[in-house]
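Worksheet for the structure shown next.
The values are calculated or read from the model by the stated rules, or taken from the named source; none is laboratory data. This is a predicted model, so every value here is computed, not measured. FYI the Cβ positions are ideal-geometry reconstructions off the backbone, even for glycines, and counts take in every protein chain you see. Only protein heavy atoms, including side chains, enter the accessible area calculation; ligands, DNA and RNA are left aside. Shrake-Rupley method; radii C 1.70, N 1.55, O 1.52, S 1.80 Å.
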Amino acid sequence: MQTTDIGNKEEGKVWHRKPTPSNTGVMVTVIRSAAAYQSKTVRFLHVTFDTTGDSFLAGDHHGNIYVFDITRNRFRLVQKTGQACTALAFNLRRTTEFLVALADYSIKCFDKDTKQLVSWMRGHEGAVSSVSVHGSGRYAISTSADTAQLWDLDTFQRKRKLNVRQSVGIQRVFFLPLSNTILSCFNDDSIFAWESDTLFCKYQLPVPDEGPRIHYKAFAVTRDGKILAAGGRSNLLHLWCLDTRQLLRVVQMPPKVRTVRQLEFLPDSFDGGASQTLGVLSQDGVMRFINIQTCKLLFNIGSHDDAITAATVSPNGRHIVTIMDNGSLNIYSVQCLTQDYNKPPPSLVKVVSGGECSALTMKVKSEAVQRPAKTSGRRVNTKVLRPPAVPMTEDKENELPDGLNKKRLVTLLKAFGEYPAKYRMFVWRSLLRLPENHAAFSSLTDKGLHSAYLSIQERYPIKSHKLQRGLQRVLSALAHWAAIFGETDYLPLVAFPFVKLFQNNPLLCFEVVATTIVNWCQHWFEYFPNPPLNILSMAENVLAHHDKELLQHLIDCGVTSQLYVWPLLETLFSEVLTRDEWLKLFDNVFSNHPAFLLVSVVSYVTCCRAPLLLCSHKEDFEYFFHHRNNLDVSAAIKETYRLMESTPADIHPRNMLDDFQPLTRGQYPVFNKYPTYIVEYQSQERERIRQQEVDYLRERQAVQELRAEVVQRQAEDEAWYTQQELLQQAEEKRRDILQQEESKLAEQRTRLTAMKRELKVKELQLMDAARRRFLKHQQDQRLTELHRLDEQIQRKIHSFNHPFMLCVMCLYVLYCI
């Protein structure tokens, strides 16, 4: 087993020689020693894999975030946050971005390649314990003790917020795989499922009435989103079937397990998402992997001496990364751990032994295959939710997703006139059978804005910039889906009401508009770029059958169906109805045959026959069908149902329009029901015009640049001449100053010469005076010396009376003189 110390390195190799997993399955152990103390290590706190399972993020106690690429054997420091992280997420739609929940209760999004901060999300008042990302990578849920918040990762804005009472508290909130369902688990062991768009409660899992309370702390869901495992302060695990919403079984772990800290399903490439292996991390630091069907203990990782505090499993099921009690990371090879039980199966012949099998509670022991557990006085009973009865053959066509029935919905709709506003979007999604193709929609949006809608704000100015961008994005996706939608002038009028309703969910908005076009806008594009004359003729035939007088009046006034039918269709009634009236109408439109919309136009005209008969000018009719009028929408809808029933079959639009066809799941259908040569010609013409505009703009830019260059050169020339004049003036001024300075210098030199002369005279005078003083001083010294000699002679005379000495002294005096 290798040990790699990454220390203060910013990048390097995870292992330096090919790893050979030990008996424990560990490929390599990663530690990070502190800079000042080699013996002290910095603890890793959290790890998370990306969607591929080949790379994972690891955050340490100092706030450093590392990315480890197992396939390339490289690690790299991607961010220094400066504070400890509390949660990580690495499975966003943009694969280079990741989320980090920090100790200051904020969530930051970084790019691992550029190391730049992408966004900063605030809103929690407590530490964020987990971050769950939707399968599409577009949404995330962050959970703290008192609240859960839903974030849009395209705009990094908060969409929803789930608050609970402080006495209850939240354990965990996360997305279920392959769905838009959010699962929330609270401290009182209650588990609720919510619709992510509306936060409508779909169902609640029944809490067992009897038996010990588990106090759920850990949860795990299989990749297909059908099995939920839950555990807590007990050695019991609850396995729930989310399809039937009932408790499948209760698994009893060995007695050594007293508390379950973490649960992780181990994926398999061939299980179709229905994982059978569950990893259970208990309080003793050992993670035990069991088979949830046979309750057989498969293998363990970790030990009492080398305890595990947290673990994560790669989505491809090849590696397990654990955080050990000493703060290091262990990377396990799942292939090495499972090689013992992935052997060829034994003989199919088995001997049936005595004893009864428990259908609900099973024990897990250290032996190979376990027998059912015996009861110990306590019984764990659950409420069994019986699955709904299988619908009859004739009712299958009325069955909708999420357990709804179209026939019952229509009955309720006719009784109340509209669907409840709280559940309207949910009902619409079921009626339209939206496939929610995240990958297909992402491929359309990744192509960017379509050239036809780059300047849509000039044609359709909207006050809200968010609504403007949403409309632009949906229209661009439609244009990338089918070329004709880049040439259709009235498409923004069709899409705008839905964009306003679904502005927080672009995917649903796109699919609602696409479903509406495919079904309720049938045959609209066959006469493109002209209005659909066939559709207008259908409406005119229905009007002729039910109100010939009104039709004759319209003909006498020169008003055709392009004036009284097409304005209502191309705007989908959004110009003539209020928001509530429009929603009520489309509750009925989406609940009926596609012909209902066309018949609604006829009923609108017939319900307004009184004011229309009073109009005689064409301008009055144009104004009438483009503005709101005094109309009872409920009466118009009832009239539509009457017309649907009373219109003869030979002119009934129902027999000329296809039945409802939902969008296919996975990929959107090909839309080519339009004259392709006209669209291609218009597209080519638009491209030619655009190219001419580009050439014109390029030439105009070149002329402007040339003009700017000429103006710049003229300015430079003027500036040069001005500078030369200034320099000449400055030169003349400096010459004058130089002459003045030279004159001053000459005067100073004259004065200096005079001063030198005076100083010389003074110096000579001083030297003469000094010489005289010196001579006088010498003379004085000689006289003083003579006086001294005289005194000496006198003394000698007095002291020597001898004549000879007298003579000698006399001679000496004479000699000295």
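Odds and ends about this structure:
- Efficiency of FRET from Cβ geometry, Ser22 and Arg72, R₀ 22 Å, rounded to 0.05: 0.45
- Lysine pair count for region 399-522 [Cα-Cα under 29 Å; pairs on different chains or 8 or more apart]: 15
- 1.4 Å probe accessible area per residue over region 1-160, in Å²: 44
- Normalised Debye scattering of region 277-316 at q = 0.29, 0.30, 0.32, 0.34 Å⁻¹ gives log10 I(q)/I(0) of -0.98, -1.01, -1.06, -1.10, counting only Cα atoms as equal scatterers and leaving out solvent.
- Computed from backbone phi with θ = phi - 60° and the Karplus coefficients 6.51, -1.76 and 1.60, the 3J(HN,Hα) list for region 185-193 is 10, 10, 5, 8, 6, 7, 10, 10, 10 Hz; x is used for glycine and proline.
- Table column - 3J(HN,Hα) (Hz), region 310-320, Karplus curve with 6.51, -1.76, 1.60, x for Gly and Pro: 7, 8, 9, 10, 5, x, 8, x, 9, 9, 10
- Amide H to amide H, with H built 1.01 Å from N, Val118 comes under 5 Å of Cys109, Phe110, Asp111, counting only residues 5 or more places away or on other chains.
- Between the listed residues Thr71, Pro567, Thr606, the Cα displaced farthest toward the positive end of the dipole of the chain, a dipole computed from Cβ unit charges relative to the Cα centre, is found at Thr71.
- Cα centroid separation - region 300-322 against region 1-54, whole Å: 14
- Test item: Cα-centred dipole of region 399-522, Lys/Arg +1 and Asp/Glu -1 on Cβ, debye: 460
- Computed magnitude of the charge dipole of region 638-784 (debye, nearest 20; Cβ of K, R +1, Cβ of D, E -1): 2280
- Put simply, the amide H of Ile191, placed in the peptide plane, has neighbours under 5 Å in Leu205, leaving out anything fewer than 5 places away on its chain.
- DSSP-defined beta bridges in the chain - what % are antiparallel, rounded to 5: 95
- Backbone phi angles across region 72-88, fed through the Karplus curve with coefficients 6.51, -1.76 and 1.60 (θ = phi - 60°), yield HN-Hα couplings of 9, 6, 9, 10, 8, 7, 10, 6, 10, 7, x, 8, 5, 8, 10, 6, 9 Hz in residue order; Gly and Pro are listed as x.
- Prolate/oblate/rounded call for region 585-667, Cα gyration tensor, a/c under 1.5 rounded: prolate
- Ser333 accessible area, assembled protein chains, probe 1.4 Å, Å²: 20
- Dimensionless Rg/Rh of region 399-522 - Kirkwood Rh, Rg from C-alpha atoms: 1.01
- Mean sequence separation of contacting Cα pairs (under 8 Å, at least six apart), scaled by the length of the chain, corresponds to a relative contact order of 7 percent.
- 1.4 Å probe accessible area per residue over region 399-522, in Å²: 42
- Toward the positive end of the charge dipole of region 399-522, with +1 on the Cβ of Lys and Arg and -1 on the Cβ of Asp and Glu, the farthest Cα among Thr488, Tyr423, Pro461 is that of Tyr423.
- Positive-pole candidate from Ile797, Cys295, Pro648, dipole of the chain, charges at beta carbon: Ile797
- Heavy-atom SASA rank of Cys85, Cys557 (probe 1.4 Å, accessible area, largest first): Cys557, Cys85
- This model, with +1 at the C-beta of Lys and Arg and -1 at the C-beta of Asp and Glu, gives the chain a dipole about its Cα centre of some 4440 debye.
- The largest accessible area among Cys810, Cys615 belongs to the first residue in Cys810, Cys615, and the rest follow in falling order (1.4 Å probe, all chains).
- Ellipsoid semi-axes for the chain, based on the Cα gyration tensor and the rule √(5λ), read 92, 55, 23 Å when sorted largest first.
- Remark: region 528-664 carries 43 Å² of accessible area per residue (probe radius 1.4 Å; ligands, DNA and RNA excluded).
- Other-chain or far-sequence residues with amide H under 5 Å of Ala89's (modelled H): Leu99
- Calculated on the Cα set of region 686-752, radius of gyration then Dmax: 28.2, 93 Å.
- Label-point gap, in nm, between Cys241 and Ala702 - each point 7 angstrom along Cα→Cβ: 7.5
- Largest to smallest accessible area among His553, His617, His46 [probe 1.4 Å]: His617, His46, His553
- Centroid-to-centroid separation of region 584-609 and region 424-455 [C-alpha atoms, Å]: 25
- On the chain, 52 percent of the accessible area sits on carbon and sulfur atoms, based on a 1.4 Å probe.
- Residue-averaged [θ]222 nm for the chain, counting only DSSP H segments that reach four residues, each worth -39500 (n - 2.57): -12000 deg cm²/dmol
- With the simple model of a label 7 Å out from the Cα in the direction of the Cβ, Thr722 to Asn534 spans 7.4 nm.
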